[in-house]
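The block underneath contains the structure these notes are about, expressed in C-alpha cells.
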Amino acid sequence: MPLTGCCFYRVEGGRTVLGHQLSSLSPYWLDRYCHHFWRFDPLHPQKMDQSAARLQLLTRDSLRDDATREYFEKFLMPQKTVHQVELYFRQGPQIIAGASLLRNDATGAFSADNLTFLEKLVAFVEGSIFKPEDDHSQPGISGLTPREEEIAILIGAAVCNKEICRRLNIELPTVKTHVSRVLAKAGVRSRAELVKKLNENRAWPH
C-alpha cells in the first residue's frame, strides 16, 4: 500500500502520546505538531477515548469545524499530505498505540479496500500482540486518580514538569501538586525513587 509518509507512536494512560517514530516525514513538522497542532488534530487519541473505532479517515471533505480546518490547512497541506488515516491499537477498551498513515494527491485517496485491509490489520495486531495479560500501561500504584496516573506515566518516561504542563494543558503549580500526591501515594520521596518503583511494577514498555 503506497504511502507518502507515516508516524507510529505509543499512547500512555489512554490519552498521552509518546515515542513518535517517523518514516518519510520531517522532524520539523513533528515538532510543530507536538507544540501546537496536536490541539487541533481531530484524530488525536484523546478525542477517541469514547469510541471503539479502529481507524478514522480525514480528507478535504471532512473538515467539520475551524479547528479541523486549521489542522488540515496549516499542518497537512504544507506537507502536501491531504489524505490521512489514523489507526488505533487497543488493549481492552484503551488505546495503547497508534499510527498516522499519509498520502498526497499524487498517491491518491485511501480506497474502501485499503480501509478494510487496515481495519483487519489492526484487529490482527490487537489479537496477537496486545494481549490482556501483557498490559503494562498503568502505573501499578493504588489510589491514583486518572490524572495522577497520567502524571506518573510521564514521570516514568522522564518527562519534566514543564513538558507535562504542555502535554496535558495544565498549569505548573497543578502539575507540582499532582506530582507530590503521586509520590506520597507511591510511598517514595523523589522522582528517581518513583521511576525505580514503576520499573519494578513493569508499568510501561521499556
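The values are calculated or read from the model by the stated rules, or taken from the named source; none is laboratory data. Worth saying up front: this structure is predicted, and the values here are computed from it rather than measured. Here the Cβ positions follow ideal geometry from the backbone for every residue, glycine too, while neighbour counts run over all protein chains shown. The protein model used for the area step is the full one, side chains on, heavy atoms only, and it has no ligands, DNA or RNA in it. Shrake-Rupley method; radii C 1.70, N 1.55, O 1.52, S 1.80 Å.
General remarks:
- Pairs are defined by a Cβ separation below 8 Å, a sequence spacing of at least 6 or placement on different chains, a first member in the stretch 1-13 that is among the hydroxyl-bearing types (S, T, Y), and a second member that is open to solvent by 80 Å² or more (accessible area, probe 1.4 Å) and not in a strand (DSSP E or B); the pairs so defined are T4/S24; T4/K80.
- For T81, the conditions (1) touching a Leu at 6+ places or on another chain (Cβ under 9 Å); (2) open to solvent by less than 20 Å² (accessible area, probe 1.4 Å); (3) under 27 Å from I170 (Cα atoms) are fulfilled apart from (3).
- Restricted to the stretch 39-65, and to residues there that are open to solvent by 30 Å² or more (accessible area, probe 1.4 Å) and in a helix (DSSP H, G or I), the residue that is nearest to E163 (Cα to Cα) is R39.
- Filter pass, L58 being of a type in the set (A, V, I, L, M, F, W, C), at pLDDT below 95 and more than 24 Å from I129 (Cβ to Cβ): no
- Test for T68: is it more than 19 Å from the chain's Cα centre (by Cα) and either surrounded by 16 or more Cβ atoms within 10 Å (Cβ to Cβ) or part of a helix (DSSP H, G or I) (or both): no
- Once the stretch 11-22 is narrowed to residues that are modelled with pLDDT of 90 or more and open to solvent by 50 Å² or more (accessible area, probe 1.4 Å), the residue that is nearest to R90 (Cα to Cα) is Q21.
- Scanning the stretch 51-64 for residues that are free of Cβ contacts under 8 Å to residues at least 12 places away in the same chain and more than 26 Å from Q94 (Cβ to Cβ) yields a total of 2.
- Any hit, the stretch 61-72, residues being under 30 Å from S128 (Cβ atoms) and in contact with a Lys or Arg (Cβ under 7 Å, 6 or more places away or on another chain): no
- Of the residues making up the stretch 100-116, just one is touching a residue at least 12 places away in the same chain (Cβ under 8 Å) and within 11 Å of R54 (Cα to Cα), namely L115.
- Residues in the stretch 94-104 that are at pLDDT below 95 and open to solvent by 20 Å² or more (accessible area, probe 1.4 Å): Q94, I96.
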